[in-house]
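In what follows, a single structure is set out as structure tokens and then discussed.
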Amino acid sequence: MDRNQAIALWRQYNADDSLFRHALAVEAVMRHFAVKLGHDPEFWGLVGLLHDIDYGRYPEEHLQHAGRILAEAGLDAAFIRAVESHGWGICSTVEPLHAMEKVLFATDELTGFVTACAYVRPSKSVMDLEVKSVRKKWGTAAFAAAVRRDIIEQGAAKLGLPLDELIHETILAMRARAADLGL
């Protein structure tokens, strides 16, 4: 499956522009980490792009339909497992074990938090967002209250990365696609 086919598949099941920008953010971060860790950025990117494939149609049953949708589209077991693992402990029992799965688990929620941090800046951009600004908002429970900081912290630990480094790399990845993300 190429990226255009993946976008077409995503659009079959999702219509929300905000959710699409989130998919693009996760795709960007996955590609970034794939290159950094010496893996295939195309494969990792598509996993990031399609990680919420069933959310638009089945938000209350998130990841209960993803495997079927992805299998019917011809995607393999490793792809499906990675997608399912990003919801570990939330809406999935598939634990992230492989590097790709750990990155997806760690950065899915983080991209949302970074986006929220960018939106409250005067520039409304990730281009001038720094780790210290993200960390300043981190301790404010009311800010981006739906973001599970514990999941992000657990993901960073699974990756063996300090939280600040994970945030830094996520910001860099999102900067590379800032125009597409509206940031």
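What the table shows:
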quantity: Any hit, the range 152-166, residues being buried (at least 20 other Cβ atoms within 10 Å of the Cβ), part of a loop (DSSP other than H, G, I, E, B) and modelled with pLDDT of 95 or more; calculated: no
quantity: Failed item, numbered, when residue 93 is tested on (1) exposed (fewer than 15 other Cβ atoms within 10 Å of the Cβ); (2) closer than 19 Å to residue 19 by Cβ; calculated: (2)
quantity: Filtered residues of the range 87-108 (kept if under 15 Å from the mean Cα position of the chain (by Cα), modelled with pLDDT of 95 or more and not small (Gly, Ala, Ser)); calculated: 96, 100, 101, 102, 103, 104, 105, 107, 108
quantity: Qualifying residues in the range 1-23 (those that are assigned to a loop (DSSP other than H, G, I, E, B) and of a type in the set (Asp, Glu)) - the one farthest from the chain's Cα centre (by Cα); calculated: 2
quantity: Residue match in the range 119-132 (condition: of a type in the set (Phe, Trp, Tyr) and touching a helix residue (DSSP H, G or I) at 6+ places or on another chain (Cβ under 7 Å)); calculated: no
quantity: The listed residue being in contact with an Asp or Glu (Cβ under 9 Å, 6 or more places away or on another chain), buried (at least 22 other Cβ atoms within 10 Å of the Cβ) and not polar (S, T, N, Q), out of 3, 81, 31, 21; calculated: 31
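Condition check ((1) surrounded by fewer than 18 Cβ atoms within 10 Å (Cβ to Cβ); (2) free of Cβ contacts under 8 Å to residues at least 24 places away in the same chain; (3) out of contact with any strand residue (DSSP E or B) (no Cβ under 9 Å at 6 or more places or on another chain); (4) farther than 17 Å from residue 23 by Cα) across all residues:
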{"site": "104", "(1), (2), (3), (4)": "no, no, yes, no"}
{"site": "110", "(1), (2), (3), (4)": "no, no, yes, no"}
{"site": "113", "(1), (2), (3), (4)": "no, no, yes, no"}
{"site": "124", "(1), (2), (3), (4)": "yes, no, yes, yes"}
{"site": "133", "(1), (2), (3), (4)": "yes, yes, yes, yes"}
{"site": "140", "(1), (2), (3), (4)": "yes, yes, yes, yes"}
{"site": "173", "(1), (2), (3), (4)": "no, no, yes, no"}
{"site": "178", "(1), (2), (3), (4)": "yes, no, yes, no"}
{"site": "181", "(1), (2), (3), (4)": "no, no, yes, no"}
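The values are calculated or read from the model by the stated rules, or taken from the named source; none is laboratory data. Predicted model only: the values in this text are computed from it and were never measured. As a convention, Cβ positions derive from the backbone with ideal geometry for all residues, glycine included, and neighbour counts pool all protein chains shown.
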